[in-house]
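Here is the structure we will look at, set down as structure tokens.
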Amino acid sequence: MKQVLPDIWQWSWFSEEKQLDFNGLFLMIGEHKILVDPPTMTAESRAVVRRHEPIDYIIITNRDHIREAVAYQAELRCQLRVPEADAAQMDVTPTKTYKDGELLPGGIWAIHLKDQKSAGESALFIERGRGVLIVGDALIGKPPGSLCLLPAEKYADVQKAKAGLCRLLKYSFDSLLVGDGASILAGGKQRLEQLLSVTS
């Protein structure tokens, strides 16, 4: 587990199938301690998290990013929040669902992204410093330092999916932390603008 930004740590689990890192985040925001989209932790990463107990919440960005959330929720005795529009397709019982525009614990804004791979795909925006945007499957950090979309066959309509991502450009952020691939710690919004200008 490594600290990537003030009060934000990231750990990764390499997927042989996807040939990508699956990333989880550990946020310490104000009085809240939060895990986002948690993949498997090494013993070292788990020890870092356990040193900061109690953990308050696990937040999931889409139906395919449950990963190890159920096990960690039981172990850490924390609340689980998932996107309302994906909840019916998830084999979990969340503490609570969230929807677009909701202010989540720690001052995290939920941004619902239309026409993505799953109905509930959401980004999380933290309005601190130069701004931090967290995405699940909406954007992939590949190759490192760049962004790409999922393969076109993952979407019902790839052009609508691209249009749905334009909403993110309304937010002021510098860091873009991805669930899959390599996060972009500075210049993230510019990378997104480049991607959407090329693919629109």
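Brief remarks follow.
- Gaussian network model of the chain, springs between alpha carbon atoms under 10 Å - residue of E68, E153, E127 with greatest fluctuation: E153
- Most fluctuating residue given options P151, P143, P105, as computed from a GNM of the chain linking Cα atoms under 10 Å: P151
- Taking the DSSP beta bridges with both ends in the chain, the antiparallel portion is around 70 percent.
- Cα centroid separation - segment 94-167 against segment 22-56, whole Å: 20 Å
- In angstrom, the C-alpha Rg and Dmax of segment 1-103 are 13.3, 37.
- Of all the options A152, A119, A161, the one that moves most in a Gaussian network model of the chain with Cα springs shorter than 10 angstrom is A152.
- Over every Cα atom in the chain, the radius of gyration and the widest Cα-Cα span, Dmax, amount to 15.5, 45 Å.
- Reach of K189 by Cα under 27 Å, taken over lysines that are not fewer than 8 positions away in the same chain: K2, K18, K33, K99, K114, K117, K142, K154, K160, K162, K170
- Estimated inter-spin distance, D100 and K18, nm [label 7 Å along Cα→Cβ]: 2.4 nm
Every number here is computed from the coordinates shown, using simple stated rules; none is lab data. Keep in mind that what you see is a predicted model, and the values were worked out from it rather than measured. Backbone-built Cβ (ideal geometry, glycine too); neighbour counts: all protein chains shown.
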